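These notes are about the structure you will find just below.
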Amino acid sequence: MGAVDELKPIFSPKSIAVVGASRSPMKIGYEILQNILVQGYQGKIFPINPEATEILGLRSLPSVMAVKDDIDLAIIAVPAEFVPKVMTECARKKVKGAIIISSGFAETGEKGRLLEDEVLQIAKKGGIRVIGPNTLGYKDPIDNLDAAFVFGMPKPGEIALISQSGALCVGMIYYANGEHIGLSRVISVGNKADVDDADLIEYLDQDKATKVIAMYIEGIKDGKKFLDAARKCRKPIVAIKAGRTPAGSAAASTHTGSLSGSDAVYDSAFRQVHIQRAYEVGELFDFARALAYQPPAQGNRVGIISNGGGAGIMIADWCESIGLKVPNLNKKTIEALRPNLPSITIARNPVDVTGDARFHRYYATGSAMLADANVDALIMACVHAGIARPREYVGAVIKLVEDKRAVNKPIVACWVGGPEINEVVQELRVKNIPVYPSAMRAARAVRCLYDEGRRLELLGRKKQNSVGGH
Ligand code: ACO
């Protein structure tokens, strides 16, 4: 059985036992049970606690052995020293999967590492796949299952998030919610004693709800397995690899017991398997949103439209400095642009539609540039100059994205200004149109779409070669 079948009972369980379900609302075992109930889980739920008879209105049982039904998933939130006993009972009960929330394992040193090994051996012998230990659990906003502690669900969407850090995972959920970025599955992996990034990549690659896989990684134990999974994955992967410096690496070892390894090795390995590397949370989601909601760029030539000359120049600088090109427009495009531009404007890329541009000027300029065979992607910028009309700019970007889907060229938006324009461009975020508050972020998002185009082209060629070879 592969990871996909093995992980099904964990991510689509028909029944869940919460071992260490607590009577105290202050404890993690209470919160997990509550979260499962709040989301309206439709399967069977069994609170397990030897001291209790009822928790949150459900009959509590002393051990998984006392449950008459089959158990797909056990979520374990008892102190670390009791986990081997609980796992032994789970193995006897033939529980299929476990999430071990408890901390106190490899991240604490040698004693904890031995305890983690002991738990892993029990799991292996019993055929139980394990997420964790030292994990938050997972949150599934598509199937409404909150199998984690910490209250609150992400907005549903098409980006899966895998995080080795629990707290950061929650922070990233809130960040995504604030940016109107929807998530498909959010999985906190903790120490990755058993289920690791490779298993999850394989699982999410076949997940219909997921278009892009975003990851926060501190360390990878089995490099070959990881690279194989990433290479085979048909979906784009974006990843932060933290612990890049001696200080970060030392912090990662006490956080999740990770060996960070050489950053240069990670960097080149990521390149080899076309994982797009991000360096902070904002960038992870900048890339993920662009990849999820815009087509990849078929080439590296970027058309730039701005209502402020300076913004256009900065975008051009950023494009060229990261391997993109700002091409000359063809004659036909220049002719199409002229009647829509003020007489003071020269019709050349970047196109300055000037500060007073209204809907029609943005739209007509965008349409002409998208039709140009020299242009593979479009960045549309709005500077909140006094005479600017951000609302009309937003309307033009939305209409272009909606009207020009068949053109199959990515469009990203960029703005410069204060809270007023931020509020207006929110409409773009709500519609999942990538929009960035800086020239650098917009250009880097386009570069990411260009790299994705190349990845798909290579994949296509490999496929053709293998078909041709047979
Ligand atoms: N089976 C079932 N229930 C049990 C068992 C058992 N063998 N043993 C104890 N219990 C019950 C207890 O009676 C208690 O219930 P009660 O409150 O009704 O009396 C409940 O389980 C919890 O046990 P406690 O001993 O009270 O443990 P506590 O809740 O304080 O802590 C926990 C347990 C949360 C697992 C803790 O040890 C821990 O590891 N906390 C950290 C968790 C964490 O942060 N995880 C990782 C985050 S992600 C990251 O950053 C990488």
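Things to note:
- Enumeration of residues in segment 335-362 that are over 22 Å from Arg444 (Cα atoms) and open to solvent by less than 40 Å² (accessible area, probe 1.4 Å): Leu337, Leu341, Pro342, Thr345, Ala347, Val353, Thr354, Gly355, Ala357, Tyr362
- Residue that is out of contact with any strand residue (DSSP E or B) (no Cβ under 8 Å at 6 or more places or on another chain) and under 22 Å from Ser12 (Cα atoms), where the choices are Lys124, Lys139, Lys96: Lys124
- Answer residue from segment 400-418, given it is in contact (Cβ under 8 Å) with a residue 40 or more places away in the chain and within 19 Å of Asp356 (Cβ to Cβ) and is surrounded by the fewest Cβ atoms within 10 Å (Cβ to Cβ) among those: Val416
- Matching residues, segment 59-92, being more than 13 Å from the ligand (Cβ to nearest atom) and either touching a Pro at 6+ places or on another chain (Cβ under 8 Å) or not hydrophobic (A, V, I, L, M, F, W, C) (or both): Arg59, Lys68, Asp69, Asp70, Asp72, Leu73, Arg92
- Options Phe270, Phe287: the member that is in contact with a Cys (Cβ under 6 Å, 6 or more places away or on another chain) and either at pLDDT 95 or above or of a type in the set (A, V, I, L, M, F, W, C) (or both): Phe287
- Residue within segment 151-171 that is open to solvent by 60 Å² or more (accessible area, probe 1.4 Å) and in a loop (DSSP other than H, G, I, E, B) present: yes
- Per-region count, segment 140-149, residues open to solvent by less than 40 Å² (accessible area, probe 1.4 Å) and either more than 18 Å from the chain's Cα centre (by Cα) or touching a residue at least 60 places away in the same chain (Cβ under 8 Å) (or both): 5
- Residue, most open to solvent (accessible area, probe 1.4 Å), within segment 93-118, restricted to residues that are within 15 Å of the ligand (Cβ to nearest atom) and within 18 Å of Glu6 (Cα to Cα): Lys93
- Only one of Asn422, Asn432 that is in a loop (DSSP other than H, G, I, E, B), open to solvent by less than 70 Å² (accessible area, probe 1.4 Å) and not aromatic (Phe, Trp, Tyr): Asn432
- Residue in segment 30-43 that is of a type outside the set (S, T, N, Q), in contact (Cβ under 8 Å) with a residue 60 or more places away in the chain, within 11 Å of the ligand (Cβ to nearest atom) and over 17 Å from Asp143 (Cβ atoms) present: yes
- Helices (runs of 4 or more DSSP H) enclosed by segment 225-328 - at least 3 residues per element that are open to solvent by 30 Å² or more (accessible area, probe 1.4 Å) and over 30 Å from Glu392 (Cα atoms): 246-256, 263-272
- When the test is whether a residue is without any contact (Cβ under 8 Å) to a residue 60 or more places away in the chain, under 21 Å from Phe287 (Cα atoms) and among the basic types (Lys, Arg), Lys155 passes it.
- Subset of segment 1-26 (residues that are near the ligand (Cβ under 9 Å from one of its atoms), within 20 Å of Ile131 (Cβ to Cβ) and not β-branched (Val, Ile, Thr)): Gly20, Ala21
- Near pairs, Cβ below 7 angstrom, 6+ apart or cross-chain, from segment 86-113 (farther than 22 Å from Ile71 by Cβ) to any residue that is polar (S, T, N, Q) and more than 10 Å from the ligand (Cβ to nearest atom): Glu107/Thr254
- In segment 203-214, the residues that are in contact (Cβ under 8 Å) with a residue 40 or more places away in the chain and open to solvent by 20 Å² or more (accessible area, probe 1.4 Å) reach residues that are in a helix (DSSP H, G or I) and of a type in the set (A, V, I, L, M, F, W, C) with C-beta atoms within less than 7 angstrom, at least six apart or across chains, in these pairs: Tyr203/Ala3; Tyr203/Val4; Tyr203/Leu7; Gln206/Val4; Lys211/Ala292.
- Unmet criterion (only one of (1) within 15 Å of the chain's Cα centre (by Cα); (2) closer than 25 Å to Arg129 by Cβ; (3) away from the ligand (no atom under 14 Å from the Cβ); (4) without any contact (Cβ under 8 Å) to a residue 40 or more places away in the chain) for Gly166: (3)
- Residues (more than 20 Å from Lys208 (Cβ to Cβ) and among the small types (Gly, Ala, Ser)) located in segment 122-175: Ala123, Gly126, Gly127, Gly132, Gly137, Ala148, Gly152, Ser163, Ser165, Gly166, Ala167, Gly171
- Scope segment 181-198; condition among the charged types (D, E, K, R) and buried (at least 24 other Cβ atoms within 10 Å of the Cβ); matching residues: Arg185, Lys192, Asp197
The values are calculated or read from the model by the stated rules, or taken from the named source; none is laboratory data. All values reported here derive from a predicted model rather than from experimental measurement. Virtual Cβ from ideal backbone geometry, glycine too; neighbours counted across all protein chains shown. In case anyone asks, the SASA skips ligands and DNA or RNA and just uses the protein heavy atoms, side chains included. Shrake-Rupley method; radii C 1.70, N 1.55, O 1.52, S 1.80 Å.
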